[in-house]
Every structure is written in C-alpha cells, then in structure tokens.
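So the structure is just underneath, and the comments pick up after that.
The values are calculated or read from the model by the stated rules, or taken from the named source; none is laboratory data. Owing to the predicted nature of the structure, the values given are computational and were not obtained by experimental measurement. Here the Cβ positions follow ideal geometry from the backbone for every residue, glycine too, while neighbour counts run over all protein chains shown.
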Amino acid sequence: MRNRSKKTSLVLLFFTLLVFLSLAVSEAGGPPSAKPAYLYKTTFVRAAPGRLLDLIALYKSRMAVDDASGDGPLFWWRHTQGDQWDLMLLSPMGSYAEYYSKDRLARRKKAAGDAALSRDEFDQKLNACSAWREDIFVMGPSLESVKKAFEGTAYYHIEIFVSLPGKQEELFKEREMENIYAVETGRPYNMIFVRDQGAVWDLFTLGCYRDLQHWAGTGDLSKEKREAAAHKAGFASPDEIGPYMRTLIDMHRDTMGVAIK
C-alpha cells in the first residue's frame, strides 16, 4: 500500500507539473494544453536499397483502407538528413480501448476485405521494400492540434531522446521550457510525444514549418530579446539552453525532412 501511495503521488505531481507548464506555454502564445493525452503509433522505416519510391507508393495505396477503417489520417514525411530511417509515420489511435473497440475492428475488417491488397500481401510487399522498421507508441497532443500543425507545412524537424535514469519528467519540463523560448522568439511550438511502449526513446519533439527558411528564422532578433525570452522560459541565458538539456539525456538524435507529395 505504501508503494502504491508513493506511485500515485508521483503521478499526481507529474500531471500537476504538466498543467503548470501548459498554462505557461499558453501565456507565451502556444497551444492551450500541452498535456500528452492522445495515443499515436509512430513508425520509422528505412527503405530497402533503391526501393524508397516503391515504399512511398505502397503506403499511399494503403491510405484509402486506413481512412475507410477509421485509422486515418496518416501524418508522414521523408527525411533529408539526420537519422538512418527514410520515413516517419504518425498514426492516430486515440486510446487502446478506442482503437481495438468492436466497431473499429469491424470497420478495419470490412476495409481490408474491400482493399486491392490483402493485409498479407501488403506485409509481403512492405518486407520487400523496407530494410528496417521501428515502432513506438506515444502519448501526444490532441488530434486536432496535430492536424493544425501539419496544415500548410512542408518541412519538419524531429528531436528524439533517451533520458538519463530518473530524468524523464525533468526532460519533459525542459522541452516545454524550450517551447516557451521558441514562441517568445517567433518560432512555432514543437509538439511533444511521450513514450508509452515500444522502442527505447523516452520522448520526441516534432516541429512543423512552411519551409527551410521558416525553420531557420529569427536570426535577426537582438541579444536583449533572446535574453528576455530565455528568462521567461526559466533559463539563465540562451547560451545555457543546450548545455542544460544535455545534462538530462543519454542519447539524442535530430532528423530533418520534407513533405511527401
């Protein structure tokens, strides 16, 4: 009972922290809530040699099935530089109960039956087109927030983290602090997705931009404005943002990429 009470207290403390940070980001011009409350399946895929276009075409052929089954929309993009994978796919689930409900299972079965490719045939082609895959189930922003973030965007930046032991909550807080700094300096809010199960990553942030210039913006801000933004976010100075984040992580990877047309 004592361990259960302690665990409950830690959970309550964590979500109290999320509420506090959500209010702070809202005041800085970010979304009204940053609480990770919606379930997504994230898949990273590396194409087999010379098969990237075939892999993209295969996933496109499956989109109508996903939409008919209620598993869409799929949010995806292809990398231009960074990690080893070629495609990132973010699939809305809502919750496990919702995703595996009788209604969704029935719709999924019907959509699969109407598909040009059966599930087995699709999997066989996917195995032939891909050299490596990794799945992670994450809690993230609402589906409406993700849809809005992807509207009119064509350039993406993901940062993926494995925290040091016991630093998961502090890393989440640091990511939110960086979001406050970003919004204060005229940059978009980066969506935060927290691991529920799957691959080793503890969380990742995803930023959606109109183009490369949008991602690289705010270079003309004065030192005073950057200092003020850092202080508002809780940092001692802009120069200390990166070094502080690195005290919390065991591993960190960046990948940049573009929309798939």
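For the range 181-199, a residue qualifies if it is of a type in the set (A, V, I, L, M, F, W, C) and either in the same structural domain as Trp77 (by TED's automatic domain parsing) or at pLDDT below 95 (or both), and the qualifying residues are Ala182, Val183.
Among helices (runs of 4 or more DSSP H) entirely within the range 154-261, having at least 3 residues that are surrounded by 19 or more Cβ atoms within 10 Å (Cβ to Cβ) singles out 168-184, 223-233. Considering only residues in the range 123-150 that are in contact with a helix residue (DSSP H, G or I) (Cβ under 9 Å, 6 or more places away or on another chain) and part of a helix (DSSP H, G or I), the one that is nearest to Gly50 (Cα to Cα) turns out to be Cys129.
Being in a loop (DSSP other than H, G, I, E, B), of a type in the set (D, E, K, R), outside the structural domain of Tyr209 (by TED's automatic domain parsing) and farther than 28 Å from Arg187 by Cβ is the requirement here; does Asp71 meet it? Criteria met by Asp71. Among the basic types (Lys, Arg) and either assigned by TED's automatic domain parsing to the domain that holds Met93 or touching a residue at least 12 places away in the same chain (Cβ under 8 Å) (or both): does that describe Lys148? The answer is no for Lys148. Of the residues that make up the range 183-197, is at least one without any contact (Cβ under 8 Å) to a residue 24 or more places away in the chain, out of contact with any strand residue (DSSP E or B) (no Cβ under 9 Å at 6 or more places or on another chain) and not charged (D, E, K, R)? Taking every residue of the range 183-197 in turn, none turns out to be without any contact (Cβ under 8 Å) to a residue 24 or more places away in the chain, out of contact with any strand residue (DSSP E or B) (no Cβ under 9 Å at 6 or more places or on another chain) and not charged (D, E, K, R). Taking first residues from the range 53-73 that are modelled with pLDDT of 90 or more and partners that are buried (at least 19 other Cβ atoms within 10 Å of the Cβ) and in a helix (DSSP H, G or I), the Cβ contacts under 6 Å between residues at least 6 apart in sequence or on separate chains come to Asp54/Cys129; Leu55/Cys129; Leu58/Cys129.
Within the range 91-122, being farther than 22 Å from Thr43 by Cα, modelled with pLDDT under 85 and assigned to a helix (DSSP H, G or I) holds for Gly113, Asp114. The residue list Gly198, Gly234 contains one member that is touching an Asp or Glu at 6+ places or on another chain (Cβ under 8 Å), at positive phi and of a type in the set (Gly, Ala, Ser), which is Gly198.
Please work out which residue is nearest to Ala115 (Cα to Cα), limiting yourself to the range 32-85 and to residues that are touching a strand residue (DSSP E or B) at 6+ places or on another chain (Cβ under 9 Å) and β-branched (Val, Ile, Thr). Only one residue tops the list, namely Ile56. Of all residues in the range 210-233, none satisfies being closer than 17 Å to Met139 by Cα, in contact with a strand residue (DSSP E or B) (Cβ under 7 Å, 6 or more places away or on another chain) and not charged (D, E, K, R).
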